[in-house]
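These notes are about the structure you will find just below.
The values are calculated or read from the model by the stated rules, or taken from the named source; none is laboratory data. Note that the structure is a prediction, hence the values are computed from the model and not measured. With ideal geometry, Cβ positions are generated from the backbone for all residues, glycine too; neighbour counts draw on all protein chains shown. The accessibility values were calculated without ligands, DNA or RNA, using every heavy atom of the protein model including side chains. Shrake-Rupley method; radii C 1.70, N 1.55, O 1.52, S 1.80 Å.
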Amino acid sequence: MADPSSYRPSPGQIPDSPGVYKFRDEHRRVIYVGKAKNLRQRVANYFQDLANLHPRTRSMVTTAASVEWTVVSTEVEALQLEYTWIKEFDPRFNVKYRDDKSYPYLAVTLNEEFPRVQVMRGAKKKGVRYFGPYGHAWAIRETVDLMLRVFPVRTCSAGVFKNAARTGRPCLLGYIDKCSAPCVGRVTPEEHRELAEDFCDFMAGRTGTYIRRLEKDMTQAAEEMEYERAARLRDDAGALRRAMEKSAVVLADATDADLIAVAEDELEAALQIFHVRGGRVRGQRGWVTDKVEAVDTSGLVEHALQQLYGEERGDAVPKEVLVPALPEDTEAVSQWLAERRGSQVSLRIPQRGDKKDLMETVQRNAQQALGLHKTKRASDLTTRSRALEEIAEALGLDAAPLRIECYDISHLQGDDVVASMVVFEDGLARKSEYRRFQIKGFEGQDDVRSMHEVIGRRFKRYLQEKERTGEWEQAPSVTDPNDPAPAPTGPGPVPALPAASPADETDPREDDGRPKRFAYPPQLVVVDGGQPQVAAAKRALDELGIDDIAVCGLAKRLEEVWLPDDDDPVVLPRSSEGLYLLQRVRDEAHRFAITYQRAKRAKRIRTSPLDDVAGLGETRKQALIKHFGSVKKLRQATIEEICEVPGIGRRTAESVAVALASAAPAAPAVNTATGEIMEEDDGGTS
């Protein structure tokens, strides 16, 4: 790990003009490429106090061993040079989108004497006209089959074409009029090229001209009583309409635009692009990327624009590009796009109308793509096996942790303190084993003490199950946390710890032969937090005499793995599958905990002093609130006034009055926007 100050250039060396800079490691490999309006200001930002840098930026500058730069005359040149260098050097710390699959295109080889229509994948070739990408190759073939009726362009390979020319006999498509058979001279090269260009024009969205021409010819043929020709033209027009129907109309004004949406979390981002030509969706594709550099949504959009249009020219760059967030230097990016297209390009965020609605559809596709990517990555057996092996190696375990339990504490300013336990087996979530805890041992906010209580309660139940089945005949006694000296261990009952909530931990099944909820021990316990939480979890296990379960903590800020009694964390590589699995386990525990905490808080807010009145059901409670208007007014009512409510007798009225009198009034509600104290008029609270 290098010290950035060892290669920091002096401020006077760095020019204050636009340019592109490269960070290199000790082996002279380029690890990061960036651009700047002002090189001096941007590069200097990397050499501030490491504590002030984003963790990913800190990792980059400590990996680098030198920095160099190239001055350019404009910001547009800087954008182009940055793209060129990223493509050339493939820096490890730059965001690089990767296709989540190889999308097929419909290609027309205009660079050949007899252009050919075919399905193509991979890198684009010069002189070839591309349409798409499409989700499936069969969708392209269906469209081509329909269009060959009207535009009988060659689709055969070079070998088939040469063989037909040699024998003087066309292939089957030539006999059924789905190829103009240039191989045997039925049309001249010029006539065939004209067919290919008409095919391209139709695919580019200029559809009305051809359909109107076919309908006109059909009408003329019918008037001349050439009914067979008129029927063929009718079928041709129908085939073109069916080909058009395969591309849904999404924008009524025949707009040519690309719509880009981004879905992201702290670690990854998914990008979806809809290619709209002539108001119809002509193609769709998606990319995913690891967020290996400190980048926000606008930065992700800028990288996407570079990758989308870096190799494109002319009409391949649309007139309009709609994005969820504008790049930092919108003017330079717009100018760069305009240079590639050869005319003005509008780069903007849709605000209203059909385009905004379509952008929401693209956004939903991006969200689904990100979720699907995470599911695929998590469910891949090889990946999961490698992740477990990496965890075992990093933590010094004897074997891969096939069962991992993760714990998280959640509360709202010390209220409704709860904890979650999530279980991953073989690297996959085992949701039937998830458990929730209410903190009962103390009041207030203390994450470390809460973690100690939860771990103790969970493994106390584990020891009870072993004792019940005879697997554990001697349980250790508990160590008093206030006593510095360890308590002796020996025969005796399982130590007493704070009781669990019956709703959380009790198991009504006793003798059904299936394992109870806490019967299985994990090989690894992960806690959400750093050294204090890890120490609390380890202390709880030690007090129970359990020494065969590994413990670690994952600190969210820097994604560091902490082990008991270690002063320094274990730092897994950013690309480590083991780190990805630990992060996923931790994030799932956090989600499960905060969901429970919110539900518990909502239930508490909805409670009323009337809930404590014996025999008062929901119907009569609602009748009371409806009659008086609020709990506050009901509290002020006399017993005689309460008895006036239909269905409320004197004994019930007395019970209601006693319950409301004994319940302390809640603090007045405050409108946080205005500071106004609001009158209590909600019948469900008091």
> Which numbered condition trips up Leu388, out of (1) touching a Leu at 6+ places or on another chain (Cβ under 8 Å); (2) open to solvent by less than 80 Å² (accessible area, probe 1.4 Å); (3) farther than 30 Å from Trp562 by Cβ?
Replying inline: (3)
> Could you list, in sequence order, the residues of the range 537-564 that are in contact with a helix residue (DSSP H, G or I) (Cβ under 8 Å, 6 or more places away or on another chain) and open to solvent by 20 Å² or more (accessible area, probe 1.4 Å)?
Replying inline: Arg539, Asp547, Ala550, Lys556, Arg557, Leu558, Glu559, Trp562, Leu563, Pro564
> Which one is surrounded by the most Cβ atoms within 10 Å (Cβ to Cβ), of the residues in the range 85-98 that are touching a residue at least 24 places away in the same chain (Cβ under 8 Å) and outside any loop (DSSP other than H, G, I, E, B)?
Replying inline: Ile86
>> Go through (1) aromatic (Phe, Trp, Tyr); (2) modelled with pLDDT of 85 or more; (3) closer than 30 Å to Gln335 by Cβ for Phe89 and report which single condition fails.
In response: (2)
> Quick one: which of Thr469, Thr479 is open to solvent by 40 Å² or more (accessible area, probe 1.4 Å), over 27 Å from Asp416 (Cβ atoms) and either at pLDDT below 85 or polar (S, T, N, Q) (or both)?
Replying inline: Thr469
> Cβ-Cβ below 6 Å, separation at least six or inter-chain, first residue in the range 62-80 and within 12 Å of Leu39 (Cα to Cα), second open to solvent by 50 Å² or more (accessible area, probe 1.4 Å): which pairs?
Replying inline: Glu75/Lys37
> Can you tell me which residues in the range 300-319 are buried (at least 18 other Cβ atoms within 10 Å of the Cβ) and either of a type outside the set (S, T, N, Q) or closer than 24 Å to Leu106 by Cβ (or both)?
Replying inline: Leu300, Val301, Glu302, His303, Ala304, Leu305, Gln307, Leu308, Tyr309, Val317, Pro318
>> Return the residues of the range 333-359 that are open to solvent by 80 Å² or more (accessible area, probe 1.4 Å) and free of Cβ contacts under 8 Å to residues at least 12 places away in the same chain; say none if nothing qualifies.
In response: Gln351, Arg352, Asp357
> So Val301 clears everything in (1) part of a strand (DSSP E or B); (2) free of Cβ contacts under 8 Å to residues at least 60 places away in the same chain; (3) under 30 Å from Val61 (Cα atoms) except one condition, right? Which one?
Replying inline: (1)
> Out of all the residues in the range 383-419, which are in a helix (DSSP H, G or I), farther than 20 Å from Val527 by Cβ and out of contact with any Asp or Glu (no Cβ under 8 Å at 6 or more places or on another chain)?
Replying inline: Ser385, Glu389, Glu393
> Any idea which of (1) surrounded by 22 or more Cβ atoms within 10 Å (Cβ to Cβ); (2) under 19 Å from Leu544 (Cβ atoms); (3) of a type in the set (S, T, N, Q) is the one Ser420 doesn't satisfy?
Replying inline: (2)
> Going by the structure shown, is Trp287 in a strand (DSSP E or B), open to solvent by less than 30 Å² (accessible area, probe 1.4 Å) and not hydroxyl-bearing (Ser, Thr, Tyr)?
Replying inline: yes
> Across the range 9-56, what is the total count of residues that are within 30 Å of the chain's Cα centre (by Cα) and charged (D, E, K, R)?
Replying inline: 4
>> Out of everything in the range 427-440 that is open to solvent by less than 80 Å² (accessible area, probe 1.4 Å) and closer than 18 Å to Leu582 by Cα, what residue ends up being modelled with the highest pLDDT?
In response: Tyr434
> Yes or no: Arg277 surrounded by 19 or more Cβ atoms within 10 Å (Cβ to Cβ) and modelled with pLDDT under 85?
Replying inline: yes
>> Given the condition more than 26 Å from Ile409 (Cβ to Cβ), over 46 Å from the mean Cα position of the chain (by Cα) and at pLDDT below 70, answer yes or no: does some residue in the range 649-663 qualify?
In response: yes
>> Conditions first: (1) farther than 21 Å from Thr330 by Cβ; (2) more than 30 Å from the chain's Cα centre (by Cα); (3) modelled with pLDDT under 85; (4) polar (S, T, N, Q). Ser59 passes all but one, so which condition is the exception?
In response: (2)
> Leu50 fails exactly one of the following numbered conditions: (1) touching a helix residue (DSSP H, G or I) at 6+ places or on another chain (Cβ under 7 Å); (2) of a type in the set (A, V, I, L, M); (3) crowded, with 20+ Cβ neighbours inside 10 Å. What is the number of that condition?
Replying inline: (3)
> Among the listed residues Ser385, Ser450, which satisfies the condition of being within 25 Å of Ala269 (Cα to Cα) and in contact (Cβ under 8 Å) with a residue 40 or more places away in the chain?
Replying inline: Ser385
